Amino acid sequence: KHMQVPMVPLREEILQDPAQIYDNLVARVDSLDAVFLVDPNNPTGFSLFSLFSPTDHAFREVVRFCVDHDKLLVMDFCFASFIL
C-alpha cells in the first residue's frame with residue numbers, strides 16, 4: 001500500500017472448493033500480477049479457512065495456477081498459530 005501498489009482482494013469463496021480453484025483463478029488471470037495469501041484466513045473472525053486443511057490439494061492448485069500463468073505467489077503465515 002505504501003509503495004502505491006494497488007491491491008484487490010480475492011473473495012475467499014473462490015478458494016474454498018479445491019476442484020474449482022484453478023478455474024476460478026484463470027477467470028481472473030488478466031487482473032492478477034501476483035497472488036498474496038494469508039493462511040489461515042480470518043483466524044479471529046467467523047471462519048477459519050486454510051488452504052492446507054484437510055489436505056494440501058487447494059494449496060497445490062494455487063501453486064499450479066501461479067506456475068502455469070507466471071504469477072508471483074506471496075504467502076503470509078502470521079496467523080499460523082491459530083490453526084493449531
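Under the simplified labelling scheme, the residue 60-residue 14 pair shows an inter-label distance of 2.3 nm, with each label point 7 Å from Cα along Cα→Cβ. Mean separation of Cα pairs under 8 Å and 6 or more residues apart, divided by the residue count, gives region 12-83 a relative contact order of 40 percent.
Extension gain, residue 4 to residue 34, is 9.3 nm, computed as 0.36 nm per intervening residue step minus the present C-alpha separation. Computed over the alpha carbons of the chain, Rg followed by Dmax gives 12.8, 36 Å.
Quick note: the coordinates plus some simple rules give every number you see, no bench work behind them. Computed from a predicted model, the values in this text were never measured in an experiment. No Cβ is skipped: glycine too gets one built from the backbone with ideal geometry, and neighbour counts run over all protein chains shown.
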